[in-house]
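> Let me begin by handing over the structure; questions about it come next.
Values in this text are rule-based calculations from the coordinates and carry no lab data. Quantities reported herein were computed from a predicted structural model and do not represent experimental measurements. For neighbour counting, all protein chains shown are included, and Cβ atoms are generated from backbone atoms with ideal geometry for every residue, glycine included.
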Amino acid sequence: MSNFLTQMEKFARQNKIPVILDDTKDYLQNLCKERQPKHILEIGMAIGYSASCMLEVCDADILELEASLPNIELARQNFEKLGFTNRVNIIVGDCMVELPKLLGQKFDLIFLDGPKGHYPEMLPNILPLLADTGVFVSDNVLFRGMVRDGKDITCNRYEHTILALQKFLELLETNETLDTKVLHIGDGLAVVKKKFKGK
């Protein structure tokens, strides 16, 4: 990982900006190295750390959905310093509003790291965007062990998020057209591929 990416991560941790954990970063980078996606969609960009980690190891372009203007400004500066500006397209706005507008596009890799409480609502607008051989990765699906690992909900403000993530995983795992694996990596990753249709 480049020195500047290390600086980005340190800045995010110091300023309480949520970015992916180290083992999640390693997983995404290995996935990008192996599959070499050409078109990536990321929902929830923050300051561009996870996007930069992916772009560092593959020759893809990436479409970003992000609502936070301060984060977008920082991300643009970071992409410029890393030489990624020409490979990044940022859509500014609420992902719930912007996702349906992407219908018709296809992505080899989709990384969902947006508002956790809206994961179930976003799913019907995400799945049509996934290429037949693509991979859909969602972060934080185990949410500190409170979704499936038997840990009690630590405060009431998390209850909506936990219930939403439980519903999200149920929707994925009961969808017979999808192959879903939930990995104990980082804060929990759901890795989804489309099943090949029989002849």
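> Relative to the present Cα-Cα distance, how much length would full extension add between GLU121 and ASN175 at 0.36 nm per residue of separation? Show your work: numbers first, answer last.
Numbers: separation 54, 0.36 × 54 = 19.44 nm, distance 1.51 nm.
Value of the extension gain: 17.9 nm.
> To continue, here is another question. Based on DSSP H runs of at least 4 residues, each adding -39500 (n - 2.57), what is the mean residue ellipticity at 222 nm of the chain after dividing by all its residues, to the nearest 500 deg cm²/dmol?
On the way: 7 runs with 74 residues, N = 199.
That calculation yields -11000 deg cm²/dmol at 222 nm.
> Hey, another quick one. Work out the P(r) tail for the chain: percent of alpha carbon pairs separated by more than 28 Å, whole number. Don't jump to the answer; show the numbers that get you there.
Values: 4356 of 19701 pairs.
So the portion of pairs separated by more than 28 Å is 22 percent.
> Now for a different question. Which residue, chosen from TYR49, ASN3, TYR119, occupies the Cα position most advanced towards the positive end of the dipole of the stretch 1-143, where the dipole is computed from +1 (Lys, Arg) and -1 (Asp, Glu) charges on Cβ about the Cα centre?
Result: ASN3.
> How much of the DSSP beta bridge set in the chain is antiparallel, as a percent to the nearest 5? Please report the intermediate quantities before stating the final value.
Numbers: 10 of 30 bridges.
So the antiparallel bridges in the chain amount to around 35 percent.
> Moving to a separate point now. Please list, or write none, the lysines whose alpha carbon is within less than 22 Å of the alpha carbon of LYS193, excluding same-chain residues fewer than 8 places away.
Leaving aside lysines fewer than 8 places away in the same chain, those within reach of LYS193 are LYS25, LYS33, LYS38, LYS106, LYS116, LYS167, LYS181.
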